[in-house]
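Enquirer: Can you keep this structure in mind? I'll have questions shortly.
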Amino acid sequence: MSQLKNLSKPCLRTKWKFFDREKSSSFEYFNFCEELIAVGEFLLAHDVAKTGLNYHRNDKKLCQRAAHALCKAGSPKTASRMLEQLVAGGDCAVETHSLLASAYKDLWEHSTDQDSKKKYAELAIARYGEGFFSNSYDNLKASQRTELETQYYPCINISFMYFFSDNLEGAKEYAEKARGICEKLKSGGKNEYWVQATEAEALLLLGSVKESVSSYIEAVSLPDAKPSWISSTRKQAIQIAGEYKDPQILKEIKTAFPTLGIVAFSGHVLDQPGANPRFPAEAEGLAKKEIVKALDEMNASCGYSSAACGTDIIFLESMLERGAETHIFLPFAKKDFIEISVRRAGGNWVSRFERVLDLATSIHYVTNEGYFGDNALFSFCNNVLLGFAAMRGRGMDEDPNLLVFWDGNAGSKGGTGELVKEWRNVFNDPIIIDSVKVLKSVPIGQTVKAVSGETKPGIEVLTKPPLPRSIKTMLFADVAGFSDIDDSKTLMFLDKFLGGVSDVLKKFSFEPCFINTWGDCVFAVFDELDDGIKVALEVRDYFVKGNWAELGLVDGVEIRISMHAGPVFEKFDPILGKSNFFGTHVNQAARIEPIVLPGSVFVSETVAAMLSLGYEGFDFEYVGNIELAKKFGSYPIYSLQRSGYKYEN
């Protein structure tokens, strides 16, 4: 079952690029946010809402959309803070209470201890109750019955929370009420997706499984059903079904829902002239047939891939023919990529490459710098690509798939074999199109006519880097409020600051490959992302939770920490007497630090993507697309945290 019909055209990212930010009304901003949320573009929806609030300050509906998008993107803590401010400001709307309750429900789901779970469950039920009782059916006059349209949502969620709080009588009571509201709305001609889906959930909570399955199937087939709506409904239905301890119930519920069809792809590049055949030009037709078949079976509508000549481009073209999203990842500068990975096959591959880029939903460069013969960039690009697919799956509550056109061999660094190994460590088994079988069906040696007159490879690319380059994780830390410390206590502060950071580093078996301090600032470089993350959070905790009263800082010391990962240059620094690290990605890490909220660790989108690939114990929340310091540009920024939520009063 596919959701392709609900994907919007033209590309919404392109629409945002040309959106008139200054002249658009709050209503136009709101409608655009709704479009983005409907197809699962939650982070962009948040950024659109926040931009709209710059021009339409305190617009309640835009505040709601910004928070809702954050919650859907997996950032319930940040969303709850935004909504709590609305409620504190006097907003008593049903939707505001319900959205805040939804954020609490997500915090309940991901809490790390039973006390926190209990508290967030209580908060969620209370807020859903506020929304429901303010306009409950029994309290409404006939002229107000349209208010029912806002009541089934808090009512069914009260039932859901009672169900998981072992209050089965309460769950049954509110499920019956929700079902009754939906029946009244449907009898009045209001047969829309959320009404039907709520009735289905009420039936499931009441134990009427077969009726529930039929009702869910009817809901997802309605013309107003949207991918993100279906995803949200599916998640909650699966949670409920899982509590019945009967695997057949869970199986029946799962079959009622389509999925977005998130697919990451990797495959062989086209053979160069004269090479031993692995993927010759003659195999293109058969390869496309197999790729199209696999995409049909997965109901693919959201693809992540690089764009080398051969199966990458064939995959992207096949996805575009389906009307699907395509997200393209390039490991280095476009002009170098063309010469290294596209023009090599001759024919018309460069023009095909340009076309898939022109029609892509998004294009991501791991670095805008050149290739310089650095094959590690291919591996890094693969990890970022997989991480983005995983983040999209997280937002849609769906496991992404990996499709590969592969001969089964380990291959070279940054190749398909390496990517398959990484995927298996985190997700499911990939879907493999056996390139060896395809090759056996190809009449090798037949003439293949080039479609265009493009030249064959011949343009030289600088393959030797000007300096040694490698993938590193960069950390910058700066103490907030250092300038407020009295001079008489500066030395005491520096002893505690430098000594504290030193003690944190001694906790671990690894060492930074570079570290430097100046005043209240630290710059550290790590070989492994995992190492940098551990140090960042420990340093943050040392400052936030430490006792600084002896320095006159009764409220403690807050620190700003930023992190980014990418390829950097290494050179001996004669002043420091050791190797130092330089380059655009060092600068990016540094430019994030000034915009960090005190007491937080902000990371780049690259770090967030890599965190999505099985880094146990760590998580992140989206902060926004933020202008970095010194006019470095706007970038998506995330807040790093440990996995799970603990209730804080």
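The values are calculated or read from the model by the stated rules, or taken from the named source; none is laboratory data. These numbers were taken from a predicted model, which means no experiment stands behind them. Cβ coordinates were reconstructed from backbone atoms using ideal geometry, including for glycine residues, and neighbour counts include every protein chain displayed.
Matching residues to (1) at pLDDT below 95; (2) surrounded by fewer than 17 Cβ atoms within 10 Å (Cβ to Cβ); (3) not polar (S, T, N, Q):
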| site | (1), (2), (3) |
| --- | --- |
| Glu34 | yes, yes, yes |
| Ile37 | yes, no, yes |
| Lys50 | yes, no, yes |
| Asn58 | yes, yes, no |
| Ala67 | yes, no, yes |
| Ser75 | yes, no, no |
| Ser80 | yes, no, no |
| Asp91 | yes, yes, yes |
| Ser98 | yes, no, no |
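Enquirer: Can you tell me which residues in the range 494-516 are surrounded by 15 or more Cβ atoms within 10 Å (Cβ to Cβ) and modelled with pLDDT under 90?
Expert: Of everything in the range 494-516, those that are surrounded by 15 or more Cβ atoms within 10 Å (Cβ to Cβ) and modelled with pLDDT under 90 turn out to be Leu494, Lys496, Phe497, Gly500.
Enquirer: Where residues in the range 39-48 are touching a Pro at 6+ places or on another chain (Cβ under 9 Å) and not acidic (Asp, Glu), which of them is surrounded by the fewest Cβ atoms within 10 Å (Cβ to Cβ)?
Expert: Only one residue tops the list, namely Val39.
Enquirer: Then there is this: Would you check which residues across the range 597-637 are in contact with a Gly (Cβ under 9 Å, 6 or more places away or on another chain), assigned to a helix (DSSP H, G or I) and surrounded by fewer than 18 Cβ atoms within 10 Å (Cβ to Cβ) and list them?
Expert: Selection gives nothing.
Enquirer: Turning to a different aspect of this structure: So, of the residues in the range 269-283 that are out of contact with any strand residue (DSSP E or B) (no Cβ under 7 Å at 6 or more places or on another chain) and closer than 28 Å to Val366 by Cα, which turns out to be modelled with the lowest pLDDT?
Expert: So, considering only residues that are out of contact with any strand residue (DSSP E or B) (no Cβ under 7 Å at 6 or more places or on another chain) and closer than 28 Å to Val366 by Cα, the one modelled with the lowest pLDDT is Gln272.
Enquirer: Now, a different point. Within the range 464-535, which strands (runs of 3 or more DSSP E) (wholly inside it) include 1 or more residues that are of a type in the set (Asp, Glu)?
Expert: Once the strands (runs of 3 or more DSSP E) in the range 464-535 are filtered for at least 1 residues that are of a type in the set (Asp, Glu), what remains is 469-480.
Enquirer: If you scan the range 303-323, which residues turn out to be touching a Gly at 6+ places or on another chain (Cβ under 6 Å) and under 20 Å from Pro258 (Cα atoms)?
Expert: Met319
Enquirer: Only residues that are in a loop (DSSP other than H, G, I, E, B) and touching a helix residue (DSSP H, G or I) at 6+ places or on another chain (Cβ under 9 Å): list them for the range 234-260, please.
Expert: Within the range 234-260, Tyr244, Asp246, Ala256, Phe257, Pro258, Thr259, Leu260 meet the criteria.
Enquirer: Checking the condition under 18 Å from Arg392 (Cα atoms) and touching a residue at least 40 places away in the same chain (Cβ under 8 Å), which residue from Glu605, Glu593, Glu621 passes?
Expert: Glu621
Enquirer: OK, next. So Phe265 clears everything in (1) assigned to a helix (DSSP H, G or I); (2) modelled with pLDDT of 95 or more except one condition, right? Which one?
Expert: (1)
Enquirer: Also: So, Pro594, is that one in contact with a strand residue (DSSP E or B) (Cβ under 8 Å, 6 or more places away or on another chain), in a loop (DSSP other than H, G, I, E, B) and in the same structural domain as Leu529 (by TED's automatic domain parsing) or not?
Expert: no
Enquirer: I need the full set of residues from the range 323-378 which are of a type outside the set (A, V, I, L, M), assigned to a helix (DSSP H, G or I) and within 18 Å of Gly566 (Cβ to Cβ), in order please.
Expert: Lys334, Asp336, Phe337, Phe378
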